[in-house]
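Encoded as structure tokens, the structure appears first; notes follow it.
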Amino acid sequence: MGSQDNMEERKVEEKALPDLYLSDFAEQMAQILEAGMVPEDGLELMREDSNSDAEKKLLDQMIASIQSQGDLSVAMRDTGVFPDRMVSMVEMGESTGHLDQVLSSLNTEYERQDALKRSVRNAVLYPILISGIMIVLIALIMIFVMPVFKTAYAALGVEMSGLQEGLYQFGIWLSGMGLPIVIGAVVCTLIFVLLSLYRSEKQGDMGENLFWSRPEDRYQIALCRFSGIMSLTYSAGLTTEDGIGMAKKVIREKQLSEKLTAMQDCINQGQSFSEAVRSTGIFTSRELRRIEIAERTAKLDIVMQEIADDYQNRVDISAGRRVGRVEPVLIAVLSLVAGLILLSVMLPLLSIMSTL
């Protein structure tokens with residue numbers, strides 16, 4: 001019985017938590033701390049409200065850990081399912097006395113991260129879905145419609161020739177061994193795309209290095225992540241060097257990664273954050289002015305979060321525009337191909353019937 005419980009605990013530990021759950025967890029814990037309660041009481045309340053056995057086991061494990069060791073960050077690390085960066089930020093928040101602010105920032109950060117992932121998925125999967133529907137419809141026309149025209153031609157005592165015969169033979173091939181080949185190619189393409197998305201999310205780049213994304217999209221996604229990380233850094237009372245170091249670990253977009261290295265050198269030479277931003281040209285002049293003002297007014301955490309939100313909106317708009325452009329083009333191609341196939345056999349048939 002004990003070994004079975006241990007196996008169940010290991011399964012809980014091996015399962016990564018989704019971004020939305022991490023966001024909700026951070027939001028609830030922030031509200032609990034703002035209400036003057038301690039983390040243990042908050043975990044107890046979350047357990048009472050939970051309808052999931054797996055979540056209750058997770059919270060039980062955290063409650064036991066926090067009772068014996070006292071720190072929320074230790075309890076989170078002991079479960080093995082919270083991201084290391086999130087645990088480190090909570091630990092920093094506990095040491096600096098800004099845990100509620102850090103958790104609020106983590107809530108925003110993981111909401112943004114989930115939105116970015118959904119934008120990337122939609123921009124990639126929607127055109128593939130439309131293309132798959134287009135291929136299926138064309139295949140149905142070739143398999144089921146072309147034999148009808150073949151029968152009509154035969155009834156009139158005329159044999160198909162040229163393009164019509166080629167299309168008919170192609171339909172025969174599809175109805176036989178061709179259809180499994182086409183279906184297999186479509187399925188393999190879909191599997192390849194899904195694996196690429198999954199690998200991208202597991203590596204934490206959220207589309208920064210996907211082969212089909214445009215350079216400007218990859219850079220904006222990376223800037224969004226960097227801005228969010230710096231907002232978290234300042235919310236937790238950490239130094240600029242700490243934030244850049246965390247950003248370098250999770251950002252894989254080549255151009256921004258090189259600029260972060262140069263920025264790190266500028267900071268080591270004694271430059272402020274805004275001076276390093278100016279030297280490396282990471283942000284636009286408008287964003288640089290906002291950063292300079294925020295640095296003077298000690299509101300860098302708020303401004304960097306606003307900049308991250310701005311870049312998230314840009315990514316969402318860009319993804320929406322791409323999907324909006326692809327859909328009518330694919331529909332037009334489908335209509336054109338289907339129309340050409342039907343006209344290639346209908347026009348000669350109509351010409352024959354008009355002479356009868």
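The values are calculated or read from the model by the stated rules, or taken from the named source; none is laboratory data. Values in this document were obtained by computation on a predicted structure and should not be read as measured data. Every residue, glycine as well, gets a Cβ built from its backbone with ideal geometry; the counts of neighbours run over all protein chains shown. Ligands, DNA and RNA are excluded from the accessible area calculation, which covers all protein heavy atoms including side chains. Shrake-Rupley method; radii C 1.70, N 1.55, O 1.52, S 1.80 Å.
The one condition from (1) in contact with a helix residue (DSSP H, G or I) (Cβ under 7 Å, 6 or more places away or on another chain); (2) in a helix (DSSP H, G or I) that Gln271 does not meet is (2). The set of residues in the range 249-263 that are closer than 13 Å to Met230 by Cβ and either assigned to a helix (DSSP H, G or I) or free of Cβ contacts under 8 Å to residues at least 40 places away in the same chain (or both) comprises Val250, Leu256, Leu260, Met263.
Scan the helices (runs of 4 or more DSSP H) fully inside the range 39-113 and keep the ones with 2 or more residues being over 19 Å from Glu27 (Cβ atoms).
Details: elements: 39-49, 53-69, 72-79, 84-96.
Qualifying helices (runs of 4 or more DSSP H): 53-69, 72-79, 84-96.
Scanning for something closer than 24 Å to Val345 by Cα and modelled with pLDDT under 75, does the range 136-146 turn up at least one residue? No - not one qualifying residue is present in the range 136-146.
Each row is one residue, and each column tells you yes or no for (1) of a type in the set (D, E, K, R); (2) in contact with a Gly (Cβ under 8 Å, 6 or more places away or on another chain); (3) surrounded by 12 or more Cβ atoms within 10 Å (Cβ to Cβ).
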| position | (1), (2), (3) |
| --- | --- |
| Met146 | no, yes, yes |
| Phe149 | no, no, yes |
| Ser175 | no, no, yes |
| Ala185 | no, no, no |
| Leu190 | no, yes, yes |
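Does Leu45 count as under 28 Å from the mean Cα position of the chain (by Cα) and in contact (Cβ under 8 Å) with a residue 12 or more places away in the chain?
No; evaluated as a whole, the condition is false for this residue.
Quick check on Leu288: is it under 27 Å from Gln101 (Cα atoms) and open to solvent by less than 40 Å² (accessible area, probe 1.4 Å)? Spelling it out, Leu288 is indeed under 27 Å from Gln101 (Cα atoms) and open to solvent by less than 40 Å² (accessible area, probe 1.4 Å). Of the residues Leu330, Leu336, the single one that is under 30 Å from Leu137 (Cβ atoms) and either crowded, with 17+ Cβ neighbours inside 10 Å or among the charged types (D, E, K, R) (or both) is Leu330.
From Arg289, Arg321, grab the single residue that is part of a helix (DSSP H, G or I), more than 18 Å from Arg218 (Cβ to Cβ) and either without any contact (Cβ under 8 Å) to a residue 60 or more places away in the chain or touching a Phe, Trp or Tyr at 6+ places or on another chain (Cβ under 6 Å) (or both).
Numbers: Arg321 fails: more than 18 Å from Arg218 (Cβ to Cβ).
After ruling out the rest, the residue left standing is Arg289.
Restricting to the range 89-126, give me the number of residues that are farther than 30 Å from Leu190 by Cα, of a type outside the set (D, E, K, R) and surrounded by fewer than 18 Cβ atoms within 10 Å (Cβ to Cβ).
3
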